[in-house]
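Everything on this sheet refers to the single structure shown next.
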Amino acid sequence: MRRALTYVLLSLGLLVMTGPFLWMALAAFKTPADLSASPPAWLPTEWTLANFSELLDRMDVGLFFGNSVVVAVFVTLCNLVFCSMVGYALAKLKFAGKKAVFGVVMAALMVPGNLMLMPKFVMMSKLSLIDTYAALILPFAAGAFGVFLMRQFMSTVPDELLEAARVDGASEWYIFWRIVIPQVKPALATLSIFVFLGSWNNFLWPLVATNDPDKYTLPVALATFATDPTQSEGANGVLMAGALLIVLPVLVVFVLLQRFFTQSIATAGLK
């Protein structure tokens with residue numbers, strides 16, 4: 001009885017969490033008549049791809065999608081490289097001020113991201129990087145969460161393994177790339193998911209840092225489309241199709257890295 005009750009509660013929670021996504025996905029294939037039907041129906045009475053076709057006609061989806069891919073991929077790669085390097089230094093190297101640096105990282109975790117919006121904008125403006133891909137990538141090239149995550153996972157790598165490599169004459173770069181990195185692949189996959197998800201869905205900073213529509217990411221372009229009365233009136237199906245296009249890449253990344261993500265959770269706390 002307890003197990004059955006647990007499954008019922010988990011199923012209800014799953015329905016609550018996935019309900020909006022399922023409604024959005026199904027609405028993207030509905031006709032205007034189905035979208036305005038009362039009472040609303042979950043399944044379309046007539047499946048159609050007209051919303052996607054109209055979305056491609058009204059918006060340069062390829063350009064905005066490409067901008068989002070470029071920004072999200074580069075931000076993710078930068079975080080994997082820089083956060084793992086800093087995490088390795090904090091976990092396995094001895095240097096003056098190590099505790100102070102780690103304290104700064106922990107303090108940065110407590111600062112709300114929106115609080116740094118103005119300093120980031122001023123910095124990018126002073127560097128004349130507004131309306132460039134660099135302005136969308138550089139402020140997020142490394143994050144305190146990523147450094148903390150990599151530091152915690154790299155702390156589980158046995159020190160004896162690294163000492164043996166040093167005795168054999170291996171350099172720190174060799175130890176880092178060839179010994180430590182293969183040991184923390186689950187952590188790298190976890191960080192990839194979180195960073196890619198955050199960068200792909202980032203709306204406020206791209207909206208502030210870009211004035212040129214050609215540099216808009218897909219969330220900004222879709223929001224601009226939705227707030228334009230001349231474009232979005234009666235286009236609920238088109239908006240649902242655009243929202244589905246935003247969600248799908250994140251789902252693909254999660255499915256591809258799910259095994260590593262699950263492994264990172266299962267091994268968390270083990271040493």
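Values quoted throughout were computed directly from the atomic coordinates according to the rules given, and no laboratory measurement underlies them. Keep in mind that this is a model prediction, so the values were computed, not measured. Methodologically, a virtual Cβ is constructed for each residue, glycine included, from the backbone with ideal geometry; neighbour enumeration extends over all protein chains shown.
Brief remarks on what is shown
- Under 20 Å from the Cα of residue 30 - aspartates and glutamates, other chains or at least 8 residues apart: 46, 54, 57, 233
- Bridging of residue 215 to lysines at a Cα separation below 30 Å is possible for 120, 126, once same-chain residues fewer than 8 apart are set aside.
- Ellipsoid equivalent to the chain - semi-axes via the Cα gyration tensor, in Å: 41, 26, 16
- Loop sites in segment 80-110: chymotrypsin sites (Phe, Trp or Tyr not before Pro), DSSP, at most 12 other Cβ within 10 Å: 95
- Cβ-to-Cβ counts within 10 Å put 7, 133 in ascending order as 7, 133, the fewest first.
- 3J(HN,Hα) along segment 99-105: 5, 5, 4, 5, x, 5, 4 Hz, from the Karplus curve 6.51 cos²θ - 1.76 cosθ + 1.60 with θ = phi - 60°, whole Hz, x for Gly and Pro.
- Calculated [222 nm] ellipticity per residue, helices only, for the chain: -22000 deg cm²/dmol; basis is -39500 (n - 2.57) per DSSP H run with n ≥ 4, divided by all residues, nearest 500.
- Loop-located trypsin sites (Lys or Arg not before Pro) in segment 47-113, at most 11 other Cβ atoms within 10 Å (DSSP): 94
- The C-alpha atoms of segment 1-75 occupy a region whose extents along the principal axes are 54, 41, 15 Å, arranged from largest to smallest.
- Legend: ranking of residues 117, 138, 49 from fewest to most surrounding C-beta atoms inside 10 Å; resulting order 49, 117, 138.
- Ascending count of other beta-carbon atoms within 10 Å, so fewest first, for 176, 64: 176, 64
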